[in-house]
Structure formats: C-alpha cells, structure tokens
C-alpha cells in the first residue's frame with residue numbers, strides 16, 4: 001500500500017488495475033453492495049447488544065453558510081397560523097400542516113449516498129455503461145439509487161483517525177492515508193471486513209461546528225485516493241466520512257475528484273458524503289467497541305443519482 005501521495009500516473013493506472021467491472025456480471029449495477037450478503041446481515045444483527053441507536057446524519061436546514069452550494073428550499077403549503085381565528089366552516093377543512101422541501105443533496109453539507117451513476121470517467125460509468133444514459137430529461141437510466149431500494153443493512157465499522165493523530169480534528173488538506181487506517185484498526189481493536197460499511201472520522205464536522213464554517217473554496221481534508229487499494233483489499237462495500245470525500249485541491253491536474261472517480265467508477269464502491277460521526281464516536285468510545293449494526297433506507301427515487309440518507313448505528 002502507498003505511504004506517500006501517489007502520482008497522477010499511478011492513479012490513472014488504478015482506474016484499470018483496481019477495476020471490479022464484470023466481477024458480478026456484465027449487467028451488474030450494485031457494485032460492492034453485492035458484498036453485503038444475507039450472512040453478512042445476520043452477522044451485523046448479532047452485534048446488537050443494548051438496543052441503542054445513533055444517527056449519523058447532519059440536520060438539513062434552509063440556512064445559507066459559505067460551504068453551501070445550493071440552498072435548501074422550504075415553503076409551507078399550510079400551517080397552524082390563524083387556526084384560532086378561522087371561521088367554523090374553514091376549521092372543518094383546514095386541519096393539517098404541510099410543506100414543500102426542495103434540495104440539491106450532492107455537495108458539502110447534506111448527508112447523502114452517491115449512487116454509481118453520480119460519476120463517470122472517460123464517458124463510462126461503473127461496469128462500462130455509457131455515461132450518456134444519465135440524461136437531462138430522463139435522469140439516471142442506469143445505476144440509479146433504486147438498486148439500493150431494499151435497504152442497506154450490514155456491519156458498520158468506525159475508524160477514528162483523530163485518535164491516531166491525537167487531535168480534535170485534522171487540519172485542512174491533511175489527507176487520511178492507508179497507514180492511518182491500519183493504525184486506527186490496531187488502536188481501536190477492530191478489523192475492517194468484506195461487506196462492511198466503513199466510516200472514517202476526521203473531525204471535519206466538529207471543526208465546522210466549533211471552529212466555524214469552512215468556505216468550499218478553501219482546502220479540505222478527506223481520505224486520499226491512495227486508500228483505494230486498501231478499500232478493495234478489505235472488500236469495503238461503502239465508504240462514509242464526515243467530509244465530502246475528496247481533498248481540495250485534489251493534487252492532480254486532470255483528476256478533480258480522484259476518490260469519487262476511483263471508488264464509484266472503478267471499484268463500484270458506494271459513498272456516503274458529509275456524515276455526522278460525532279455522536280457515533282462518543283458511543284464507540286463509551287463501549288470501547290467500534291463495530292455495530294448499520295441500517296440505511298435510501299429514498300426510493302426513480303432515475304436519481306443518489307439520496308439524502310440517515311444512517312443509523314445500532315449497538
């Protein structure tokens with residue numbers, strides 16, 4: 001495994017050598033989700049000991065902060081205002097409150113799943129499907145989030161890199177490397193296995209909460225693309241971090257989002273961007289246990305490149 005920032009030539013080579021294309025058939029659209037077997041789900045269920053649940057999602061708000069790319073829209077279709085002064089005939093028909101919510105969930109603030117349709121490389125999606133199947137009129141006609149609509153239930157593992165570094169959070173543009181992952185396994189007494197959802201904590205979200213929001217144009221930390229051979233070797237089904245899952249700037253002239261590209265297109269490994277791992281980290285530390293059952297139910301959206309999600313860790 002590389003211990004230094006790999007060259008652009010090396011990353012380009014990985015786009016071929018790490019490929020899972022055809023591994024589960026030429027028509028496969030699930031990619032590494034195929035590693036989550038019924039046996040894996042049973043293994044995950046056996047990890048539940050005290051029934052405590054922990055959300056790993058950030059709140060979705062309509063506030064505008066420097067790192068927000070698109071503002072979440074909310075307007076009330078009806079509210080509770082004026083119910084006390086409505087005439088009797090109006091009260092008979094005006095009983096509920098409801099709202100419209102609209103969002104672009106891809107970005108740096110909303111916790112969401114990237115489906116394999118979210119990224120392409122050289123006009124190809126995972127498994128060699130043409131990128132032009134993602135159209136402006138019909139949406140994702142291949143590799144849509146729908147292939148995960150039965151839910152994702154498996155063993156979850158948290159590797160808290162801040163414990164390895166001895167810091168509350170990692171500095172911007174300070175990448176997580178494979179040796180950090182291995183060191184966290186040893187420190188926390190856990191080993192990533194095939195079919196796991198791996199959460200990697202950098203303290204990024206805590207930094208934003210306590211140290212102020214970080215404009216999206218400034219450098220940011222994440223797992224370096226050097227970790228992708230490690231992910232394939234361990235058989236990670238899905239990677240989730242408390243970042244947007246790519247270092248800014250990327251280190252490379254022609255690859256602007258190398259982790260997304262190698263993960264989604266080459267490996268077929270799904271991503272969770274912008275997780276909230278603060279309460280999960282506390283729960284793991286309290287129990288000195290960094291494995292748990294993880295359950296996620298992506299929205300059953302048709303022809304869409306991902307979904308907002310609320311991952312639930314169950315101890």
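No lab work stands behind these numbers, since they all come straight from the coordinates. This one's a predicted model, so the numbers in the text were calculated from it and none came from an experiment. Glycine also receives a Cβ, built like all others from the backbone with ideal geometry; neighbour counts cover every protein chain displayed.
What is the packing order of peptides 194-204, 58-68, 282-292, taking the mean over residues of other C-beta atoms within 10 Å and listing the highest first? Walk me through the numbers on the way to the answer.
Working: 194-204: 24.8, 58-68: 13.9, 282-292: 17.3.
Ranked by mean Cβ neighbours within 10 Å, highest first: 194-204, 282-292, 58-68.
What FRET efficiency would be calculated for the residue pair residue 37, residue 76, taking the C-beta separation as r and a Förster radius of 35 Å, to the nearest 0.05?
Details: r = 45 Å, r/R0 = 1.28.
So, using R0 = 35 Å, E works out to roughly 0.20.
How far is it, in nm, from the label point at residue 256 to the one at residue 17 when both lie 7 Å from their Cα along the line to the Cβ?
In this crude spin-label approximation the distance works out to 2.8 nm.
Using a Förster distance of 22 angstrom, determine the FRET efficiency expected from the C-beta separation of residue 150 and residue 106, and round it to 0.05.
Working: r = 23 Å, r/R0 = 1.03.
Once rounded, the FRET efficiency stands at 0.45.
Helix 8-17 versus the longest principal axis of the chain: what angle, 0 to 90°, nearest 10, using Cα atoms?
80
Based solely on its DSSP helices, what 222 nm [θ] is calculated for the chain when runs of n ≥ 4 H residues each add -39,500 (n - 2.57) and the sum is averaged over all residues, nearest 500 deg cm²/dmol? Show your work: numbers first, answer last.
Details: 8 runs with 65 residues, N = 315.
-5500 deg cm²/dmol, from helical runs alone.
Pull out a ≥ b ≥ c, the square roots of the eigenvalues of the alpha-carbon gyration tensor of the stretch 1-81, then state rounded if a/c is under 1.5, prolate if not and a/b is larger than b/c, and oblate in the remaining case. Each step should come with its number before you reach the end.
On the way: a/c = 2.14, a/b = 1.39, b/c = 1.54.
Oblate is the answer for the stretch 1-81, as a/c is 1.5 or above yet b/c matches or exceeds a/b.
Compute the angle between helix 278-287 and the longest alpha-carbon principal axis of the chain, please, reported from 0 to 90 degrees and rounded to the nearest 10.
70
If each residue's Cβ is checked for other Cβ atoms within 10 Å, how do 169, 21 rank with the fewest at the top?
On the way: 169 22, 21 18.
Lowest count first: 21, 169.
With angles folded into 0 to 90 degrees, how steeply does helix 178-188 sit against the dominant principal axis of the chain? Use alpha carbons for both and round to 10.
Computed tilt is about 70 degrees.
Does the chain classify as rounded, prolate or oblate by the C-alpha gyration tensor (a ≥ b ≥ c root eigenvalues; a/c under 1.5 gives rounded; else a/b over b/c gives prolate, otherwise oblate)? Mind showing how you got there, number by number?
On the way: a/c = 1.56, a/b = 1.37, b/c = 1.14.
Prolate shape, in that a/c is at least 1.5 and a/b is the bigger ratio.
With a ≥ b ≥ c the root eigenvalues of the C-alpha gyration tensor of the stretch 203-309, is it rounded (a/c under 1.5), prolate (a/b larger than b/c) or oblate? Write down the numbers at each step before the final one.
Values: a/c = 1.39, a/b = 1.11, b/c = 1.25.
Rounded is the answer for the stretch 203-309, as its axis ratio a/c remains below 1.5.
Please rank 259, 116, 33, 158, fewest neighbouring Cβ atoms within 10 Å first, as an exposure proxy. Numbers along the way, then the final one.
Values: 259 29, 116 33, 33 22, 158 26.
By the 10 Å Cβ count, ascending: 33, 158, 259, 116.
State the extension gain, in nm to one decimal, for the chain segment bounded by residue 135 and residue 93, taking 0.36 nm per residue of separation less the distance between their alpha-carbons. Don't skip to the answer; put the middle values down first.
Details: separation 42, 0.36 × 42 = 15.12 nm, distance 4.16 nm.
Gain on stretching residue 135 to residue 93: 11.0 nm.
Over the chain, what is the mean sequence separation of C-alpha contacts under 8 Å (at least six apart), divided by residue count, expressed as relative contact order in percent? Walk me through the numbers on the way to the answer.
Details: 696 pairs, mean separation 98.8, N = 315.
Once divided by the residue count of the chain, the mean separation gives 31 percent.
Which FRET efficiency value, to the nearest 0.05, is calculated for residue 45 and residue 285 with the Förster distance at 30 angstrom and r the Cβ-Cβ distance?
Working: r = 23 Å, r/R0 = 0.77.
Computed FRET efficiency for residue 45 and residue 285 comes out at 0.80.
Which of the peptides 178-187, 224-233 is most tightly packed, and how do the rest follow, judged by the mean count of other Cβ atoms within 10 Å per residue? Walk me through the intermediate numbers first.
Working: 178-187: 17.3, 224-233: 22.3.
Highest to lowest by the protection proxy: 224-233, 178-187.
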